Structures are given as C-alpha cells and as structure tokens.
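Here the structure comes first, spelled out in structure tokens, and everything after it is commentary.
Values quoted throughout were computed directly from the atomic coordinates according to the rules given, and no laboratory measurement underlies them. This one's a predicted model, so the numbers in the text were calculated from it and none came from an experiment. Cβ sites come from the backbone with ideal geometry, for glycine too, and all protein chains shown count toward neighbours.
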Amino acid sequence: MVTALTLGSGCYRSAYRTALPPSGETYSQWNHFFLWGLINTAEINVAAVCPSGLSTLEIRDTPGTFLVSLLTLGLYSPLESTTHCASPPPSGVAPPPPIVAPPSSVEAVP
C-alpha cells in the first residue's frame with residue numbers, strides 16, 4: 001500500500017518568476033499546512049528576505065515533506081518554499097516597488 005501511495009502521489013511544484021535577474025541569494029523554509037492542506041499558516045515576507053526584490057519563488061513537495069505528510073496521514077502536510085532574491089539594480093536606477101502579499105483570510109463584503 002505504501003508503494004502504491006508513493007508511486008501515485010506525484011510531485012507538487014509551483015513557481016512564480018519575475019523579470020528581475022537572480023543574485024544567487026536564496027532563502028528556504030517549510031510552510032505548514034494542516035488537515036490535508038485545508039489550513040495554511042505559512043507566510044513569506046519577501047520584502048524582509050530580499051530587499052532588492054524577488055526573482056523567483058518556488059513551492060514544492062520534497063521527499064522529506066512527503067514523508068512527514070505520509071507519516072501523519074495528511075494531518076500535517078508541509079511544503080518547502082525557496083525564495084530566490086533579485087540582483088540589486090545598477091547605481092542610479094530605482095529599486096523595484098515592494099511586493100505586497102494578499103491578506104491571509106478572505107472576508108465577505110456585506
């Protein structure tokens with residue numbers, strides 16, 4: 001059964017890319033999801049991690065995060081995110097505007 005779950009699971013990977021060139025500076029963290037991904041507590045403060053801007057943001061399921069999710073039967077399902085910072089702009093060029101994250105919860109508008 002474990003073999004069937006492993007082979008049938010696939011690998012999740014999502015990437016957001018900007019036009020800014022990468023600097024080589026990266027930041028990785030586990031994002032915490034609960035109840036098969038229905039509850040998310042993850043936030044990435046890109047402005048604090050990459051002051052010169054974002055080049056790429058990747059979110060993926062690694063063998064380690066998959067194993068943790070498998071062992072907890074999906075009650076805890078982490079994903080790994082890797083933030084690739086952009087190169088600083090040349091002298092005299094204004095840096096890109098900061099990225100503003102959307103609100104973590106959606107509220108109904110009356």
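Worth a mention:
- Simple label model, 7 Å out from Cα along Cβ direction - residue 60 to residue 31, nm: 1.5
- Rg/Rg_ref, the stretch 11-83, where Rg_ref = 2.2 N^0.38 Å and atoms are Cα: 1.19
- Long-range amide H partners of residue 87 with built H, under 5 Å: 23
- Residue exposure proxy: 66, 34, ordered by other Cβ atoms within 10 angstrom of their Cβ from fewest to most, comes out as 34, 66.
- Dipole magnitude for the stretch 11-83: about 120 debye, using +1 per Lys or Arg Cβ and -1 per Asp or Glu Cβ, origin at the Cα centre.
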